[in-house]
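Notes follow once the structure below has been shown.
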Amino acid sequence: MRNFIRFILRHHFVLLFLLIELFSFALVVNYNDYQRSSWFSSSNRFAGFILNKSNNASQYFMLREINEELARENAYLRGQMDESFRISKDYFSVVFDSLSQQQYVYRAAKVINNSVNRHFNYITLDKGTDNGIEPGMGVISARGVVGIVTNVSKRYSTVISLLNTRLKISSKLKETNFFGSLEWDGQTYEYANLSGIPRHATVSVGDLVVTSGYSAIFPEGILIGTVETVEKGKGESFYDIRVKLSVDFKRLAFVEVIGNNMKEEQVELENITKND
Amino acid sequence: MISYLPRYIFNFIFLVLVQVFVLNNIQFSGFVNPYLYILFILTLPFDIPGWLLLGLAFVLGMTIDLFSNTPGMHSAATVFMAFLRPYLLRAIAPRDDYQPATLPIMNHYGFLWFLKYAFVLVLAHHSFLFFIEVFDFSHFWSTSWRILSSTFFTLVFIFVAQLFSLGKNKQR
């Protein structure tokens, strides 16, 4: 026993080093477990508070861009108002379903922390459970899909960004309705890869890529980006498609969080089928 | 040792704030991110006990992790760097060894010595950090390029920071 203690004392530096490294690696590897306890993420109250304060200051330097963005969104929304459609009998509102019950609820939120240069990028928003935000909700900006809420505290929430190699988004080509999954490759923040589009589909540069609406997170047809290049992978029956993302993640300021009132119903039903 | 305490507390807070609010938002050419905060570990006194060195490195890394949603990554890399520090200091000691009441800074041991010292530790920290982040070796060359370019920018920032502290310590 005395020898053992002497051994520990003599090598305490190396042993302590190994111990801390083991602990750190456990944190890295179990990251997904730790996400659930929001203490370790920037949605915890203390970090959220400080990030919010700093964002309030830096926002002044971006007022021009923010105004432009809001003006663009105004114009877009005005384009969707009843007055901007010719009244015809076969016109249905996208947001309301056939029972004329609202399916998707939009909540505006402000981005208070954001990164584009890591492998796993996350975004922090200034709204949390107090504002009705829950994990699993989709996040979009005026220009397109941004990410999915992973972690919520009382007043803040963290969003797994589209620029995160752990996130896949079910998407389709708007023109032809072929669907695949969109994934970021960890390289530049302007491009992502779309896989799973079969060879017999016709794909051309400039085609719009939108959400498929299969996952109950995003409504159908929300813009993700445009096709930049199309390549035939060797010996595979799928195209390799590079997509230019429509959202400029470097200038993200305001986003909308989408709540789906009928998500539970859909997920429940799908789970029954899965268990068969 | 005690007289250093307020200065190091200030250093810690200052470096964390600069890292989180300024440097984490700067990306040269898309993915190069300087990590100035490790300057705190570089400038700790020569005779700091090993357990305290590792403990401080862990707390520092964890603080950065807290703000950037990367639990474990920065702490692992910073502790690794802190672990190498005593061995490196022994390896590059000047002929007449380190003088008492001096710190491992450019001011006391000259540009070349400090460059050697900072380069090895920064490179070790960045290599560890970026390879944990990617978690495989399949993107070896692109990761290596990120490591080298980030190391360069971190070193530039460290030297600029050292120049600023120059005036303060001249009377020593």
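The values are calculated or read from the model by the stated rules, or taken from the named source; none is laboratory data. Worth saying up front: this structure is predicted, and the values here are computed from it rather than measured. A quick note on method: Cβ atoms are made from the backbone with ideal geometry, for glycine too, and the neighbour counts reach across all protein chains shown.
Considering A:243, A:203, A:257, which residue is more than 14 Å from chain B (Cβ to nearest Cβ), out of contact with any Leu (no Cβ under 6 Å at 6 or more places or on another chain) and assigned to a strand (DSSP E or B)?
Just a single option satisfies the conditions, and that option is A:257.
Can you list the helices (runs of 4 or more DSSP H) found entirely within segment B:1-81 that contain at least 3 residues being within 14 Å of chain A (Cβ to nearest Cβ) and over 14 Å from the mean Cα position of the chain (by Cα)?
B:50-68
Kindly establish whether residue B:103 is in contact (Cβ under 8 Å) with a residue 12 or more places away in the chain, within 16 Å of the chain's Cα centre (by Cα), away from every other protein chain (no Cβ under 11 Å) and outside any helix (DSSP H, G or I).
Judged against the criteria, residue B:103 is a match.
Residue pairs, Cβ under 7 Å, 6 or more apart or interchain, first in segment A:144-167 and of a type in the set (Lys, Arg), second surrounded by 24 or more Cβ atoms within 10 Å (Cβ to Cβ). List them.
The qualifying pairs are A:155/A:48.
Which residues, counting only those in segment A:112-150, are in contact with an Asp or Glu (Cβ under 8 Å, 6 or more places away or on another chain) and within 14 Å of chain B (Cβ to nearest Cβ)?
Result: A:112, A:118, A:119, A:120, A:149.
Name the residues in segment A:138-149 that are within 20 Å of residue A:52 (Cβ to Cβ) and at pLDDT below 90, would you?
Of everything in segment A:138-149, just one residue is within 20 Å of residue A:52 (Cβ to Cβ) and at pLDDT below 90, namely A:141.
Restricting to segment B:106-120, give me the number of residues that are surrounded by fewer than 20 Cβ atoms within 10 Å (Cβ to Cβ) and of a type in the set (A, V, I, L, M).
Count: 3.
Restricting segment A:182-202 to residues that are modelled with pLDDT of 90 or more and surrounded by fewer than 17 Cβ atoms within 10 Å (Cβ to Cβ), which is farthest from residue A:249 (Cα to Cα)?
A:193
When segment A:231-266 is examined, which residues are found to be surrounded by fewer than 16 Cβ atoms within 10 Å (Cβ to Cβ), acidic (Asp, Glu) and within 15 Å of the chain's Cα centre (by Cα)?
A:248
Being of a type in the set (Ser, Thr, Tyr) and either in a helix (DSSP H, G or I) or in contact with a Lys or Arg (Cβ under 7 Å, 6 or more places away or on another chain) (or both): is that true of residue A:214 here?
It is false that residue A:214 is of a type in the set (Ser, Thr, Tyr) and either in a helix (DSSP H, G or I) or in contact with a Lys or Arg (Cβ under 7 Å, 6 or more places away or on another chain) (or both).
Do you know which residues across segment A:213-227 are buried (at least 19 other Cβ atoms within 10 Å of the Cβ) and either more than 20 Å from residue A:159 (Cα to Cα) or free of Cβ contacts under 8 Å to residues at least 12 places away in the same chain (or both)?
A:227
Quick check on my filter: what residues within segment B:76-90 are of a type in the set (A, V, I, L, M) and more than 18 Å from residue B:126 (Cβ to Cβ)?
Passing the criteria: only B:89.
In the set A:155, A:118, A:166, which member is touching a helix residue (DSSP H, G or I) at 6+ places or on another chain (Cβ under 9 Å) and surrounded by fewer than 16 Cβ atoms within 10 Å (Cβ to Cβ)?
None of the other options fit; the residue is A:166.
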